[in-house]
Ligand SMILES: Nc1ncnc2c1ncn2[C@@H]1O[C@H](COP(=O)(O)OP(=O)(O)O)[C@@H](O)[C@H]1O
Ligand SMILES: [Mg+2]
């Protein structure tokens, strides 16, 4: 890989150069600070830029953001001798891939470089699957139900992996399957050094031939061992091997959730037509804006919506300005029955209004070739 390293410290530069060259990388070393990033990115066009120094000055975040905006394929890894929490979160928003302590150990450096390399090759190998993230604006919004059932429908025409990222008390698998998983996300995280597509596939439960679910840890204490970088690595492998990767997230936005949301093609915050839900949804949209997510990345899902409800769709829409809203009807009895039996709703009640709504959403997300055939003739033949 082509790597540029920038540091005010010649000792650090020499050590970084030694480690990387020993691993066969093509390395450029430059003495200086973050102000040199832009010129070096332009001149050297590296795959990876390692930038060593202090991580405190907010102006430097702007310099980083300018470089990542101009060179979206460039991976930037910071090496921080000291740092402020603000600097770290803002630099993540500015597109920094990872932050390591400075000077890094040879092992930490190699591992970070290997992660960037894996991602680079993954992207080159195959077009990426779509990553769809569902998260509840309040507990009980219906995020898990919608994600698991949409996954089942998408898997009729595509390969689908659902990751249960409710690490503490995730139960997504039980919505569509009525046995326990043999392995979980905790097992994959423990074996992260061996992670590849086959390890990932072997750790999932096959709900249908094309629908796999990677369950949350059985035991909340195992959840503690799962780190944002594990999720990042798993998502990297998943997106390059499945057509759709669905994420069932919990309520809180922590660094782990941000890692996952960064990777999402689309985020579906799920809410119901009640004021506390609307307030939480508005706050979430605010967070997404500050993370730099564009409006087209987010689509609100107004679940259990009934025309007769006190807060109507027009009022909900007014609360969110131009944000897109998808509504899903209410169907308490059949939805509850499906969850209690661990059977996807569309498999037992295809004609149910919620099942039909999700089938339309799946079709919009994965337009099939024959449906795209234009012209009257095509339509006539299909009808026949
Ligand atoms: N469209 C719907 N109609 C009726 N009930 C629903 C619908 N969607 C979800 N539910 C109910 O809401 C409850 C909570 O759903 P769940 O997916 O666990 O929420 P979350 O993951 O957002 O916490 C479920 O038990 C289910 O019965
Ligand atoms: Mg849930």
Residue check, residue 118 under 19 Å from the mean Cα position of the chain (by Cα) and over 27 Å from residue 290 (Cα atoms): yes
Restricting the search to the stretch 238-252, which residues are within 16 Å of ligand 1 (Cβ to nearest atom) and touching a residue at least 40 places away in the same chain (Cβ under 8 Å)? 246, 247, 248, 249, 250, 251
Total residues in the stretch 267-318, condition exposed (fewer than 15 other Cβ atoms within 10 Å of the Cβ), under 16 Å from the mean Cα position of the chain (by Cα) and not in a helix (DSSP H, G or I): 2
Please go through (1) under 16 Å from the mean Cα position of the chain (by Cα); (2) buried (at least 24 other Cβ atoms within 10 Å of the Cβ); (3) within 16 Å of ligand 1 (Cβ to nearest atom) for residue 185 and return the number of the only condition it doesn't satisfy. (3)
Scanning the stretch 127-153 for residues that are more than 13 Å from ligand 1 (Cβ to nearest atom) and not in a helix (DSSP H, G or I), which turns out farthest from residue 276 (Cα to Cα)? 127
In the stretch 176-237, which helices (runs of 4 or more DSSP H) lie fully inside it and hold 1 or more residues that are in contact with a strand residue (DSSP E or B) (Cβ under 6 Å, 6 or more places away or on another chain) and touching a residue at least 12 places away in the same chain (Cβ under 8 Å)? 185-190
For the stretch 154-167, indicate whether the set of residues that are more than 20 Å from residue 272 (Cα to Cα), within 16 Å of ligand 2 (Cβ to nearest atom) and surrounded by fewer than 18 Cβ atoms within 10 Å (Cβ to Cβ) is non-empty. no
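Readers should treat all values here as calculations from the given coordinates under stated rules, not as data from a laboratory. Predicted, not measured: the structure shown is a model, and the values here were computed from it. With ideal geometry, Cβ positions are generated from the backbone for all residues, glycine too; neighbour counts draw on all protein chains shown.
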